[in-house]
Amino acid sequence: MYLFSMGGAIAVHAASLKLIPSLVGLVVIDVVEGSAMSALSSMQTFLRSRPQSFESLERAIEWSIRAGQIRNKDSARISMPGQLEKVAATQDTSDTTTGIEGTIDEEGRSASQGATGHMPQSTEHKYVWRIDLSKTEQYWKGWFQGLSQKFLSCPASKLLLLAGVDRLDKDLTIGQMQGKFEMHVLPKVGHGVHEDSPDKVADVLSHFLVRNKFAQPKGNYRRSLPAC
C-alpha cells in the first residue's frame with residue numbers, strides 16, 4: 001500500500017488496525033507525526049491564502065508551480081485538474097482583463113456601462129477546489145496523533161520517503177536507527193515528493209519491492225543505493 005501525506009496517515013491507520021489482511025508492504029510519503037502536528041496551527045491560514053478559484057486549468061497549474069506546491073510542471077498538469085471542478089459563475093466583465101481600455105464619458109461612466117451605470121453581467125466558467133479542506137479541521141489531530149508509533153507497530157515491511165531528514169520526529173529517529181523501516185530522503189523536492197521526482201520515486205519503490213521479494217527484477221534492472 002502506497003499513499004502520500006494525509007493519505008499516508010490513513011494508510012498507517014488502516015494497516016495498524018489490520019483492516020487489509022493481504023497487506024505485505026507499507027509505503028508512506030512525506031508525512032511524519034511531529035511535523036504534521038506542528039503544522040496544523042497554520043493550516044487554516046494556508047488554506048485562506050490560496051486562490052479560491054481560477055479562470056482556467058492552465059492558471060491553476062501555473063499557480064501550483066509558482067507557489068511551490070508542485071515543482072514538476074508535467075506532474076502539475078496531471079494532478080491539478082483532479083483537485084478542481086468546473087462551475088458556472090456570474091462575473092462582472094470588469095473582472096476579465098482584455099487588454100483594451102474603455103472610454104469614460106463626462107458623467108464618469110465607462111462606455112460599456114451604458115445608461116444604468118452597471119457593468120453588464122456575463123456567465124462564465126471558473127474552476128474551484130473540489131474539496132473544502134477547512135471543513136475537516138475537527139478531524140486533523142486524529143489523523144496524525146500517535147501516527148509514528150502506529151507506523152512502527154505495523155508488521156508489514158515499511159518504507160518512508162521524505163523530502164528532508166528534518167521531518168523525522170523522536171520516535172521515527174529511534175525506529176530508523178533500530179532498522180525498523182527503510183527510509184529514503186530525496187534531494188531537491190518539495191512536499192509532493194512523488195510529483196517533483198517521479199523517476200527517483202519509481203526507482204526507490206522498485207528497489208523496495210525487489211528487496212522484500214514482492215517482485216522479481218527483469219532485464220537490465222539496477223538496484224539503487226539507500227539514501228539513508
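Data table
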item: Candidate set from region 149-177 (those that are charged (D, E, K, R) and farther than 24 Å from Asp203 by Cα); member that is modelled with the highest pLDDT; result: Lys150
item: Any chance Ser56 is farther than 18 Å from Leu152 by Cα and at pLDDT below 90; result: no
item: Residue match in region 177-195 (condition: under 30 Å from Pro51 (Cβ atoms), among the basic types (Lys, Arg) and either in contact with a Ser or Thr (Cβ under 6 Å, 6 or more places away or on another chain) or surrounded by fewer than 16 Cβ atoms within 10 Å (Cβ to Cβ) (or both)); result: yes
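The values are calculated or read from the model by the stated rules, or taken from the named source; none is laboratory data. Since we're looking at a predicted model, the values are computed, not measured. Heads up, the Cβs are rebuilt from the backbone with ideal geometry, glycines too, and the neighbour counts pull from every protein chain shown.
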